[in-house]
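Structure first, commentary second.
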Amino acid sequence: MNQRKDTYRAALRRDPDTPAPRPVRVTELHTRYLHVTIELDAALPRDVTRWLGPPVSALVRVGATVVRPLRSTP
């Protein structure tokens, strides 16, 4: 029990791991009167795919289920 307590205390004292900053893609637009800088997270496409993948695949399955009886009707 004492070793478990010591391990727990040591873990609390440890510095938390800080994640490395994500790479950013910077796009700049310069005109005579306007200066715009757009920063895009390089991991954005992966995040969007992860968020939208399950709902889109569910909609595709539902659509296929709805269309199947319509195609088989003469």
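Taking the stated definitions as given, is PRO74 surrounded by fewer than 10 Cβ atoms within 10 Å (Cβ to Cβ), at pLDDT below 85 and outside any helix (DSSP H, G or I)? Here the answer is yes, as PRO74 does meet what is asked.
Among residues of the range 27-42 that are surrounded by 10 or more Cβ atoms within 10 Å (Cβ to Cβ), those with a beta-carbon under 6 Å from a residue that is assigned to a loop (DSSP other than H, G, I, E, B) at least six positions away or on a different chain give the pairs ASP41/ARG22; ALA42/PRO23.
The values are calculated or read from the model by the stated rules, or taken from the named source; none is laboratory data. Treat the numbers as computed from the prediction; the structure is a model and nothing was measured. All Cβ positions, glycine included, derive from the backbone under ideal geometry; neighbour counts span all protein chains shown.
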